[in-house]
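A short reminder: the numbers here are calculations on the coordinates, not readings from a lab. Small disclaimer: the values here were computed from a predicted structure and weren't measured. Note that each Cβ is placed from the backbone with ideal geometry, even for glycine, and that neighbours are counted across all protein chains shown.
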Amino acid sequence: MTPRLQVVPGTVEDVPAMLQVLDAAVRWLVEQGNTGQWGTEPFSVNPKAVAANERWAASGGLYLARVDGNVVAALVVGSAPAYVPAATEPELYINLLVTDHSPSARGAGRHLLDHARAVARERGVTQIRVDCYAGHGGGLVRYYERQGFTATDSFSVDQVNGPWAGQVLRQRLETDHS
């Protein structure tokens, strides 16, 4: 029997589960030789990262993908961060999309992106944007392109260990004229 994936709103009480998914993603990235995206330190031991996730959870923009009650992925939507070019029209911004890489999480990212599209339509906006790591061969950029996004602006964020290469992607949504 295939596990059922449910997308549910998250709260501050879900931050520990969200951090577990982020920590699992960091471990997986490191195993892939990708230390440039999120480094090597678990999010759960970084006070700034914990505080940022608590703010996101309190914002009302956190959604979780659960399989058999377990959190396997997280989505945060809200406003664009200051480091990306400002939108020229109303939008919904994806601040975070993270999945673990367990077999039960397969397809969870796509389901959460579908949920982001539904939230955008409910809010009456016809554009969603996201930014992601553009390094390590651009695999994450290609993932979003396969999900219907188009790359727009490249950017770089200065960090202690060098610049972090980023890419903004946009997707236009059809409007419902019914």
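When shorter helices are ignored and each DSSP H run of at least 4 residues is given -39500 (n - 2.57), the per-residue value for the chain at 222 nm works out to -9500 deg cm²/dmol.
Residue order for Asp68, Asp153, fewest other beta carbons within 10 angstrom first, comes to Asp68, Asp153. In this simple spin-label approximation, Ala151 and Ser44 carry label points 7 Å from Cα along the Cα→Cβ vector, and these lie 3.5 nm apart. Of the residues Ala165, Ala51, Ala74, the one that moves most in a GNM of the chain with alpha-carbon contacts below 10 Å is Ala51.
Of the Cα atoms belonging to region 5-172, the radius of gyration and Dmax stand at 15.1, 41 Å.
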